[in-house]
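The values are calculated or read from the model by the stated rules, or taken from the named source; none is laboratory data. Because the structure is predicted, anything quoted here is derived from the model rather than measured. Cβ placement follows ideal geometry from the backbone for every residue including glycine, while neighbour counts extend to all protein chains displayed.
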Amino acid sequence: MQELTFTWLLPTQAGNTPVYLASIKGHAAIVRLLIRIKADVNICNKDGISPVYVASWTGGTGIVDLLVNAGADIHLPAADSCGDVPLGIAIRMGHVQTVERLLKANANVNYMNKCGTVPLETAAKIGRANIVQGLLKAGANVNHQNKAGCTALYRAVANGHTEVVERLLSAGAKDLRNKALQTALSLARAGNHCEMIRMLQYHK
């Protein structure tokens, strides 16, 4: 029986463990069973992707919960060009509940990936006001500048997300110049975004 169990836990040629496969397919009952028989929840596949990362990518909040409670490393970055962590990919995919669960597990809200991007910038760029609010509440640096000197405020203006702009300004966002000497206000003026111009001038 022990030999059978051991064989069952072996990864595929791609390095995908049963925990990984069950996580990406959304099979919570199988993940629970694998955890019960002490499967390692932190083994990454050959692409450097962990089970909790794929669960965050698919929005499997229940599976993320199981993995976190079993000791999954939520700060283990993917071995790709940007090196995002589970929180980053959950934000990019717009999985609000998964983001909330990861924040509850004390995910690093100011983690900067290899591309120089932090979670708040990602959420602002795609216009997820509720996620932006959650990140700010969890202690995200509202004025972080990426490698190009752009802030979350700049990204929100660039993509026309008025509600996100309002929340960032209310949280104390400053209109900082990027490396191209542009500001969020100059960008709003160039795009003739009257409401954003008004908000940015009011908070100046």
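For the reader, a short list of remarks on this structure follows.
- For the stretch 107-154, filtering for residues that are of a type outside the set (Ser, Thr, Tyr) and over 16 Å from the mean Cα position of the chain (by Cα) leaves 7.
- For the stretch 78-112, the tally of residues that are crowded, with 19+ Cβ neighbours inside 10 Å, free of Cβ contacts under 8 Å to residues at least 40 places away in the same chain and touching an Asp or Glu at 6+ places or on another chain (Cβ under 8 Å) stands at 2.
- Single match in LEU103, LEU66, LEU153, LEU136 (criterion: more than 18 Å from SER23 (Cα to Cα), assigned to a helix (DSSP H, G or I) and not assigned by TED's automatic domain parsing to the domain that holds LEU185): LEU103
- Those residues of the stretch 43-77 which are small (Gly, Ala, Ser), over 13 Å from the mean Cα position of the chain (by Cα) and surrounded by fewer than 20 Cβ atoms within 10 Å (Cβ to Cβ), in sequence order: GLY48, GLY62, GLY71
- Filter pass, ALA39 being of a type in the set (A, V, I, L, M), part of a loop (DSSP other than H, G, I, E, B) and at pLDDT below 95: yes
- The residues of the stretch 167-204 that are part of a helix (DSSP H, G or I) and within 21 Å of the chain's Cα centre (by Cα), listed by number, are ARG167, LEU168.
- Conditions (1) surrounded by 15 or more Cβ atoms within 10 Å (Cβ to Cβ); (2) assigned to a loop (DSSP other than H, G, I, E, B): number failed by LYS147: (1)
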